[in-house]
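Right, one structure below, let's go through it.
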Amino acid sequence: MRWYERFFRREFTEKRLDAELRFHLEQRIADLVAGGMTAKEAWRQARIEFGGLEHVKEECRDVGGSHIIETVIQDLRYGLRQLRRNPGFTTVAVLTLALGIGTNTTIFSAVSAILLRKPPVKEPDRLCAVSSKNLIKGCDLEPVSPLDFESWREQNNVFEAVAADAGASFTLTGDGEPESVAGDRVTPGYFKILGVLPTLGRAFLPGEATAGNDRVVILSNPLWRERFNSDPNVIGKNLEINGEPYTVVGVMPPVASSFSWLAFPRLWTPLAFEPKDLAPSSRDNRYVGLVFGRLKPGVTTKQAQAEMGSIASRLAQAYPKADKGWGITVQTLQEYEIRSAYVTNGLMLLMTVVGLVLLIACANIAGLLLARGAGRAHELAVRAAVGASRVRLLRQMLVESLLISALGGAAGLLMSVWGIDLLRAGFNFNDYGRQQAAGFRMDPATLLFTLMVSLLAAFVFGLVPALRASKANPGDALGETGRTGSSGFPCSRLRSALVTCEIALALVLLAGAGIVIREVIREFTEPNGFNPNHVVVAQIDLKGKPYQKPAAQIALFQQVTGKVRGIAGVESAGADTCVPTGCNSSTPFSIQGEPPVPETKRPSADYFVVGPGYFRTMQIPLIKGREFSDSDDTRAPVVAVVNQEFARRFFPKSDAIGRQFEVDRGQNKKAEIVGIVGNVNDYIGQLTPRPQIYESYLQMAQATMALVVRSRLAPSALAPMLRRAVWSVDKGQPVGRIQTMQDLAADNMGGDKMMVALMAIFAGLALVLAAVGIYGVVAYSVNQRTREIGIRMALGAQKKQVLGLVLRQGNLLTGIGCAIGIVLTLPLPRLFAGMFNGFADHGPLVLIIVPFLVGTVSLLATYIPARRATKVDPMVALRHE
């Protein structure tokens with residue numbers, strides 16, 4: 001009998017089995033009659049030999065293992081009936097599990113998109129990102145010089161092709177308002193190596209990588225849609241870039257913007273190395289952001305790393321001045337994207353948090369199943385008494401756990417669809433976050449993860465209750481235990497242990513959330529050395545031939561700043577190369593009069609070029625000396641302003657005013673310190689001040705600066721005035737995004753705020769689940785001790801004594817759980833400090849507040865069943881079984 005016929009054609013197979021058995025029985029009767037027996041004796045003898053027909057049928061059904069499928073189906077049907085019969089238990093268990101699985105699936109969708117999903121390129125495992133590595137500083141993913149790139153391309157035998165990628169900013173003029181966009185300059189073959197080709201037009205040709213032939217451009221899909229209205233005839237049209245005419249030769253698909261050392265380019269132009277870039281003296285001019293290489297068939301990344309390491313050694317020997325102390329890092333594109341992702345540690349932390357939430361949920365359901373198993377002790381004992389084996393009972397209980405897990409997984413999947421939308425909205429804090437969030441979706445990996453988590457959860461919360469239930473004693477079927485449904489001391493002790501673990505884990509999550517929240521509050525509230533209120537920032541990037549000379553750059557910023565100061569409502573205005581919201585421009589320098597030090601041990605400081613009026617606009621206090629003035633121009637001696645930390649660290653026993661130093665900027669100009677200002681944080685949340693150097697843009701011309709304006713005007717009213725001020729000087733000069741300093745800080749803190757919100761939500765959910773768990777244990781204990789409580793009250797116990805009796809049980813569990821949780825929480829500050837740069841040690845305050853919060857919530861959860869215990873009627877309790 002084929003198993004699938006037994007399963008899908010039950011009636012037909014049963015009839016055929018019955019017919020075959022009757023045939024064999026009749027044949028045996030006929031044989032016995034032929035041997036001399038009477039018909040009645042032959043029938044009796046044949047039945048004795050065959051045994052019971054139903055028993056024989058069962059043996060036939062067992063052949064091929066088809067009985068297992070049938071019994072599993074029976075267990076499923078029985079489990080569904082049990083769940084339907086107990087809607088309260090089913091609802092609580094499914095919702096609890098859905099919350100745990102839903103949160104895990106939601107966060108895993110982000111992990112899958114950012115860390116696990118392979119880049120959508122041709123043969124992604126063969127595509128490598130190659131970068132320089134500073135062996136002295138221990139920094140990899142460093143830029144590459146054009147000459148090193150050429151040497152790598154010529155000397156390697158592991159890549160079938162390599163291409164260079166250098167990020168740049170471009171100014172678009174012509175039709176519409178001038179616009180500044182981020183883009184890439186790439187060598188020909190770049191798109192072919194990626195395996196992502198234009199959807200319109202073509203890629204760059206080899207001849208277009210030479211100066212004079214490089215006036216062609218490939219548009220990103222978003223730029224094509226926004227600036228050209230998705231015009232399919234855009235190929236061949238001219239676009240003015242940096243004041244030069246470029247011909248559009250291609251339009252890329254949306255996916256092409258994902259691969260760059262500079263995030264999300266809007267256009268691409270050929271990377272044409274100029275003769276000065278290939279001069280022997282320029283080997284240490286590292287501006288190529290990243291090199292892409294496609295491995296030859298059969299070559300591994302490890303082999304490529306070994307060969308490129310040999311090339312680095314040869315280059316260090318041949319060019320010790322430029323390449324000594326430099327190595328090469330080779331990794332797959334996916335590994336590079338993971339290492340360069342800013343949210344990797346945060347996602348790993350969130351996955352750990354939601355994993356603990358799921359563990360708490362499983363402990364909760366395990367407690368419910370233990371209580372339910374104790375209530376079903378009589379039923380299970382009866383089943384064992386009538387022949388059910390322990391394996392069959394174990395399987396039955398595990399099947400019920402799988403049903404709960406399946407229902408919880410389905411509900412969690414629905415919750416995660418909503419959760420992914422919320423998570424995507426939470427990542428909408430800046431362009432990087434929006435680009436990353438675009439990949440959050442319910443993909444096959446996320447669905448498989450949900451399935452695996454559901455199965456694992458069923459095993460975690462169902463195994464121990466199933467093992468206990470399968471030990472049903474057949475003798476209890478008629479005994480007092482079976483009628484009372486007592487769970488016994490071991491079961492109660494196990495449920496108490498589960499709740500203790502829930503409380504401990506909830507305390508860990510709350511403490512972690514508290515530490516993160518307090519850190520973000522510190523970052524927002526701690527003084528940064530300047531006043532960000534009423535300050536508006538506008539980025540200006542000068543491109544094209546008119547601004548190739550420093551004098552033209554200085555003139556534009558001088559004129560624009562003067563016009564902005566004349567706007568009614570503007571208090572002051574200045575300019576800066578990098579506003580203090582997250583930049584780091586560390587530059588080595590040497591102090592005049594100090595003994596020379598080796599190159600690797602030269603001191604460094606954060607370097608800024610600012611304009612007159614900048615310190616007044618930012619309200620950075622002047623401690624000593626003077627600020628920059630309009631007379632500090634190219635005709636005057638070079639002057640500088642330093643911060644207090646610079647003066648304290650490098651001139652601890654003398655006055656810094658009047659001292660000279662030389663910044664490593666290739667101009668060999670000594671600067672005299674004329675002023676000392678207060679310390680300013682380079683980024684939000686900085687723990688310790690860093691030395692800082694300020695020089696005037698009137699002496700050190702810059703093509704890219706941020707215009708900073710202090711005004712009482714609303715930003716929406718000020719923004720068009722700022723644009724008009726710039727365009728009155730140069731109508732073709734784009735103005736970058738205009739935003740307040742608070743908004744700029746909020747963009748940089750968007751990820752931190754989202755982390756705080758998620759940590760708080762998950763920790764709160766864990767606390768609620770723990771409270772439900774302790775409520776369940778105490779309420780079940782009160783129910784089991786109803787008779788005992790009734791006797792106590794009949795003998796004269798007061799309600800206050802009964803209340804204290806029940807509260808002591810809950811408080812004991814809470815105390816043990818909090819003690820374990822505090823021990824587990826102690827390493828958290830050090831762990832967070834290792835995961836996130838600049839994380840402060842906040843002391844014991846969180847470890848005081850969180851246990852108090854957990855204890856308060858647990859006390860409330862315990863008080864409800866304790867209050868109910870005081871209302872027990874002694875007469876009813878004495879009749880209670």
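The values are calculated or read from the model by the stated rules, or taken from the named source; none is laboratory data. Treat the numbers as computed from the prediction; the structure is a model and nothing was measured. Counting neighbours? That spans all protein chains shown, and the Cβs are built from the backbone with ideal geometry, glycine included. All accessible areas refer to the heavy atoms of the entire protein, side chains included, with ligands and DNA or RNA removed. Shrake-Rupley method; radii C 1.70, N 1.55, O 1.52, S 1.80 Å.
One residue stands out among those in segment 722-739 that are basic (Lys, Arg) and in a helix (DSSP H, G or I): the one that is surrounded by the most Cβ atoms within 10 Å (Cβ to Cβ), which is Arg723.
I'm trying to understand the selection: among the residues of segment 782-802, which are open to solvent by 20 Å² or more (accessible area, probe 1.4 Å) and in a helix (DSSP H, G or I)? Within segment 782-802, Asn783, Gln784, Thr786, Arg787, Glu788, Ile791, Arg792, Met793, Ala794, Lys799, Lys800, Gln801 meet the criteria. The residue that is farthest from the chain's Cα centre (by Cα), among those in segment 640-660 that are open to solvent by 10 Å² or more (accessible area, probe 1.4 Å) and either under 15 Å from Pro612 (Cα atoms) or polar (S, T, N, Q) (or both), is Ser654. Of the residues making up segment 543-552, not a single one is surrounded by fewer than 19 Cβ atoms within 10 Å (Cβ to Cβ), in contact (Cβ under 8 Å) with a residue 12 or more places away in the chain and closer than 12 Å to Val726 by Cα. Scanning segment 32-48 for residues that are at pLDDT below 80 and open to solvent by 90 Å² or more (accessible area, probe 1.4 Å) yields one hit, Ile48. Here is the figure for segment 179-192: residues that are open to solvent by less than 10 Å² (accessible area, probe 1.4 Å) and of a type in the set (D, E, K, R) total 1.
Among the residues of segment 250-268, the ones that are modelled with pLDDT of 85 or more and surrounded by fewer than 23 Cβ atoms within 10 Å (Cβ to Cβ) come to 3 in all.
Condition test on Gln559, is it assigned to a strand (DSSP E or B) and surrounded by fewer than 19 Cβ atoms within 10 Å (Cβ to Cβ)? Spelling it out, it is not the case that Gln559 is assigned to a strand (DSSP E or B) and surrounded by fewer than 19 Cβ atoms within 10 Å (Cβ to Cβ). So is Asp606 outside any loop (DSSP other than H, G, I, E, B) and either closer than 30 Å to Arg648 by Cβ or open to solvent by 80 Å² or more (accessible area, probe 1.4 Å) (or both) or not? It is true that Asp606 is outside any loop (DSSP other than H, G, I, E, B) and either closer than 30 Å to Arg648 by Cβ or open to solvent by 80 Å² or more (accessible area, probe 1.4 Å) (or both). The residues of segment 336-355 that are over 16 Å from Asp752 (Cβ atoms) and crowded, with 20+ Cβ neighbours inside 10 Å, listed by number, are Tyr336, Val354.
Find the residue count for segment 309-329, including only residues that are charged (D, E, K, R) and either surrounded by 20 or more Cβ atoms within 10 Å (Cβ to Cβ) or in a loop (DSSP other than H, G, I, E, B) (or both).
Kept after step one, since they are charged (D, E, K, R), are these residues of segment 309-329: 314, 321, 323-324.
Retained after the next criterion (residues that are either surrounded by 20 or more Cβ atoms within 10 Å (Cβ to Cβ) or in a loop (DSSP other than H, G, I, E, B) (or both)): 323-324.
Result for segment 309-329: 2.
Close Cβ contacts (under 7 Å, 6 or more residues apart or on different chains) running from residues in segment 700-721 that are part of a strand (DSSP E or B) to residues that are of a type outside the set (Asp, Glu) and open to solvent by 50 Å² or more (accessible area, probe 1.4 Å) comprise Ala706/Gln539; Arg710/His534; Ser711/His534.
Screening Gly195, Gly167, Gly176 for residues that are on the phi > 0 side of the Ramachandran plot, within 33 Å of the chain's Cα centre (by Cα) and surrounded by fewer than 20 Cβ atoms within 10 Å (Cβ to Cβ) leaves exactly one candidate, Gly195.
Conditions tested, residue by residue: (1) of a type in the set (Phe, Trp, Tyr); (2) in contact with a Gly (Cβ under 9 Å, 6 or more places away or on another chain); (3) at pLDDT below 85.
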{"site": "Ser716", "(1), (2), (3)": "no, no, no"}
{"site": "Leu722", "(1), (2), (3)": "no, no, no"}
{"site": "Gly736", "(1), (2), (3)": "no, no, yes"}
{"site": "Ala766", "(1), (2), (3)": "no, no, no"}
{"site": "Tyr780", "(1), (2), (3)": "yes, yes, yes"}
{"site": "Asn783", "(1), (2), (3)": "no, no, yes"}
{"site": "Ala794", "(1), (2), (3)": "no, no, yes"}
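If only residues of segment 203-249 that are charged (D, E, K, R) and without any contact (Cβ under 8 Å) to a residue 12 or more places away in the chain are counted, the one that is surrounded by the fewest Cβ atoms within 10 Å (Cβ to Cβ) is Lys237.
Restricting attention to segment 390-409, does a residue exist that is open to solvent by 40 Å² or more (accessible area, probe 1.4 Å), under 24 Å from the mean Cα position of the chain (by Cα) and at pLDDT 75 or above? Within segment 390-409, not a single residue is open to solvent by 40 Å² or more (accessible area, probe 1.4 Å), under 24 Å from the mean Cα position of the chain (by Cα) and at pLDDT 75 or above.
With respect to the conditions (1) without any contact (Cβ under 8 Å) to a residue 60 or more places away in the chain; (2) within 30 Å of Gly815 (Cα to Cα), Ala779 lacks only one, and its number is (1). State all residues of segment 460-494 that are open to solvent by 20 Å² or more (accessible area, probe 1.4 Å), at pLDDT 65 or above and part of a helix (DSSP H, G or I); if no residue qualifies, say none. Within segment 460-494, Val460, Leu463, Val464, Leu467, Arg468, Ser492, Arg493, Leu494 qualify.
Having 2 or more residues that are modelled with pLDDT of 70 or more, open to solvent by 90 Å² or more (accessible area, probe 1.4 Å) and aromatic (Phe, Trp, Tyr) is the bar; report the helices (runs of 4 or more DSSP H) wholly within segment 827-881 that clear it. Don't jump to the end; show me each part of the working.
On the way: elements: 828-835, 845-869, 874-878.
The helices (runs of 4 or more DSSP H) meeting that bar are 845-869.
Does segment 111-121 contain any residue that is more than 25 Å from the chain's Cα centre (by Cα) and basic (Lys, Arg)?
No.
In the condition set (1) buried (at least 18 other Cβ atoms within 10 Å of the Cβ); (2) closer than 22 Å to Asp576 by Cβ; (3) among the charged types (D, E, K, R), Asp752 is compliant with all but (2). Among the candidates Val663, Val677, Val709, the residue that is among the β-branched types (Val, Ile, Thr), crowded, with 17+ Cβ neighbours inside 10 Å, farther than 24 Å from Lys549 by Cα and more than 37 Å from the chain's Cα centre (by Cα) is uniquely Val677.
Which numbered condition in (1) at pLDDT below 85; (2) open to solvent by 20 Å² or more (accessible area, probe 1.4 Å); (3) farther than 22 Å from Val570 by Cα is the only one that Gln742 fails? Every listed condition holds for Gln742 apart from (3). Among the residues here, Arg372 qualifies as open to solvent by less than 50 Å² (accessible area, probe 1.4 Å), at pLDDT below 75 and among the basic types (Lys, Arg).
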